[in-house]
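Chemist: Quick one: the structure is below, and I'll ask about it shortly.
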Amino acid sequence: MNDALHPDDLDRQQQLRMLIESAKGIAPRHGDFTRLRGLRFSQPGFDRDVWTRIAEMGWLGLRLPENAGGAGLGMLEYAALATEAGAALLPEPFIEVQLAIDMMGAATPPSVFAGDEIILPAWASDPDGLGFDGGVIVGRGGRLSGEKRFVPMGAAADRVAVATNAGIFLAAMDQVGIQTLPLQDGGHAATFHFECCPATPLEGDPRPALEAATVANAAYLLGVMERAFDITLEYLGTRRQFDRLIGSFQVLQHRAVDLKIQIEITRAVIRDACVALDGGNDAQTAVSRAKTRAAEAAMLVTRQAIQMHGAIGYTDEADIGLFLRKALTIGNRYGSASWHRARHAALTERDM
């Protein structure tokens, strides 16, 4: 994580540093990708032992009050961990489970905080925006019928928190049909099918949780582009051509500076979105600005990183390609750049 996301409060700065330090044992910024490569295109696609360690570190329920089982921290802390997760290409569904926890609030089972149970959110009925009110009908007795799509790492779910226009419902996976689709980054997405599925209604509004997950997704993308950029700089400093380090070529230096500027702008707008969410204000404009910037910058940085690696960058053996695949996979999650740009424009016009 970086100083630009740090708050002015010294105690909170120390808290952030401790969180980032805790990430080194789970999502090291300078680790290799042996574990990730071994998990790709498998199910559930991540390590449950690592997930237990994530829970033991207190990462889950970051934003919930302590009396609700959480840590009582803010969006800046959440974004800090999400950035570290992105830099390590962490395959565990940290943001998705956090979204489910934020949706359920105080009703979150203690088993989730302990890492013994994974509850994933099923909210999307379309691939583009943040709509949650389609796809599932709530019938008599709170029984669910319909489907929810695009659930990341859905095969790992023990239970599912379903967002509908009638509220949030918790359903057991043995009552839910599931169909999985492999994704470019080696993970998978699931479609959940509900046929008169018994479910328990929960209190809560999923919309604030979705806004927080959107910023966390942007922060994850920030980590992706930071690490891709660092790997590329290292390559430019070691690869020789015509008896010169390619990093000495002015055209590549200019390109690297442009990418660094994109990363720093992204960091700044994510910080603004975190501050807006922590302040309890209407943060939708800041959230959409952050997500649009992060999605587009991540694609630019990762594509340019591959190009600066030359032909080797296009091979599966080259680690730099993992970052482009991740950006391609999650860039549209929680709303595409075009959807958020349109929302930002509509909100700005409304407030004029």
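The values are calculated or read from the model by the stated rules, or taken from the named source; none is laboratory data. This one's a predicted model, so the numbers in the text were calculated from it and none came from an experiment. Counting neighbours? That spans all protein chains shown, and the Cβs are built from the backbone with ideal geometry, glycine included.
Chemist: I'd like to check something: does the range 209-218 contain any residue that is more than 22 Å from the chain's Cα centre (by Cα) and either surrounded by 22 or more Cβ atoms within 10 Å (Cβ to Cβ) or closer than 20 Å to F150 by Cα (or both)?
Modeler: no
Chemist: Under the condition of being charged (D, E, K, R) and buried (at least 20 other Cβ atoms within 10 Å of the Cβ), which residue from the range 96-120 is nearest to E203 (Cα to Cα)?
Modeler: Once the filter is applied, the top-ranked residue is D102.
Chemist: Let me ask something else. Of L181, L202, which residue is modelled with pLDDT of 90 or more and under 20 Å from the mean Cα position of the chain (by Cα)? So that I can check it myself, show each step before the final result.
Modeler: On the way: L202 fails: under 20 Å from the mean Cα position of the chain (by Cα).
From the options L181, L202, the qualifying one is L181.
Chemist: What is the number of the single condition among (1) touching a helix residue (DSSP H, G or I) at 6+ places or on another chain (Cβ under 8 Å); (2) touching a residue at least 24 places away in the same chain (Cβ under 8 Å) that D272 does not meet?
Modeler: Just one mismatch for D272, condition (2).
Chemist: Now, a different point. Among the residues of the range 241-267, count how many are closer than 17 Å to D230 by Cα, charged (D, E, K, R) and surrounded by fewer than 18 Cβ atoms within 10 Å (Cβ to Cβ).
Modeler: Going through the range 241-267 one residue at a time, the tally reaches 4.
Chemist: Considering each of V251, V275, V257 in turn, give the residue that is assigned to a helix (DSSP H, G or I) and under 30 Å from L73 (Cβ atoms).
Modeler: Working: V251 fails: under 30 Å from L73 (Cβ atoms); V257 fails: under 30 Å from L73 (Cβ atoms).
Step by step, each of V251, V275, V257 is checked, and only V275 is assigned to a helix (DSSP H, G or I) and under 30 Å from L73 (Cβ atoms).
Chemist: Here's something else I'd like to know. Filter the range 111-138 down to the residues that are under 19 Å from A295 (Cβ atoms) and at pLDDT 85 or above and list them by number.
Modeler: If the condition is that a residue be under 19 Å from A295 (Cβ atoms) and at pLDDT 85 or above, then W123 is the only one that fits.
Chemist: Between residues in the range 278-294 that are free of Cβ contacts under 8 Å to residues at least 24 places away in the same chain and under 23 Å from G72 (Cβ atoms) and residues that are of a type outside the set (A, V, I, L, M) and part of a helix (DSSP H, G or I), which pairs lie under 6 Å by C-beta distance while being six or more apart or on different chains?
Modeler: From the range 278-294, the pairs are A286/D272.
Chemist: Which residue pairs have Cβ atoms closer than 8 Å, lie 6 or more positions apart in sequence or on different chains, and pair a first residue in the range 179-196 that is more than 30 Å from D316 (Cα to Cα) and touching a residue at least 40 places away in the same chain (Cβ under 8 Å) with a second residue that is of a type in the set (V, I, T) and surrounded by fewer than 17 Cβ atoms within 10 Å (Cβ to Cβ)?
Modeler: Sorted first by the residue in the range 179-196, then by its partner, the pairs are F192/I178; H193/I178.
Chemist: Being farther than 21 Å from P182 by Cα and touching an Asp or Glu at 6+ places or on another chain (Cβ under 8 Å) is the filter here; which residues of the range 314-350 pass it? Spell out the reasoning first.
Modeler: From the range 314-350, those farther than 21 Å from P182 by Cα are 337-350; that's our starting set.
A337, S338, W339 - these are the residues of the range 314-350 that are farther than 21 Å from P182 by Cα and touching an Asp or Glu at 6+ places or on another chain (Cβ under 8 Å).
Chemist: Hey, another quick one. I'd like the residue in the range 154-178 that is buried (at least 24 other Cβ atoms within 10 Å of the Cβ) and touching a residue at least 40 places away in the same chain (Cβ under 8 Å) and, out of all such residues, is nearest to A190 (Cα to Cα).
Modeler: Per the stated criteria, the residue is V160.
Chemist: Within the range 306-336, take every residue that is of a type in the set (G, A, S), assigned to a helix (DSSP H, G or I) and at pLDDT 95 or above and give me the one that is surrounded by the fewest Cβ atoms within 10 Å (Cβ to Cβ). Before you say what the answer is, go through the steps one by one.
Modeler: Initially, the range 306-336 is screened for residues of a type in the set (G, A, S), giving 310-311, 313, 318, 321, 327, 331, 335-336.
From the residues that got through so far, the ones that are assigned to a helix (DSSP H, G or I) too are 310-311, 313, 321, 327.
Filter once more, keeping what is at pLDDT 95 or above: 321, 327.
Values: G321: 19, A327: 27.
This residue is G321.
Chemist: Do we have any residue at all in the range 230-239 that's under 30 Å from L120 (Cα atoms), exposed (fewer than 14 other Cβ atoms within 10 Å of the Cβ), out of contact with any helix residue (DSSP H, G or I) (no Cβ under 9 Å at 6 or more places or on another chain) and free of Cβ contacts under 8 Å to residues at least 40 places away in the same chain?
Modeler: no
Chemist: So, one more: Out of (1) free of Cβ contacts under 8 Å to residues at least 40 places away in the same chain; (2) surrounded by fewer than 23 Cβ atoms within 10 Å (Cβ to Cβ), what's the single condition that is false for A68?
Modeler: Going through (1) free of Cβ contacts under 8 Å to residues at least 40 places away in the same chain; (2) surrounded by fewer than 23 Cβ atoms within 10 Å (Cβ to Cβ) one by one, A68 breaks only (1).
Chemist: What are the pairs, 6+ residues apart or on separate chains, where a residue within the range 339-352 that is touching a residue at least 24 places away in the same chain (Cβ under 8 Å) and part of a helix (DSSP H, G or I) has its Cβ under 6 Å from a residue that is surrounded by 12 or more Cβ atoms within 10 Å (Cβ to Cβ) and not β-branched (V, I, T)?
Modeler: What qualifies is W339/D128; W339/G129; H340/S288; H340/K291; R343/S288; H344/S288; H344/R289; L347/Q284.
Chemist: Something else now. Q43 versus (1) under 19 Å from G204 (Cα atoms); (2) polar (S, T, N, Q); (3) in a loop (DSSP other than H, G, I, E, B): which is the lone unmet condition?
Modeler: Exception for Q43: condition (1).
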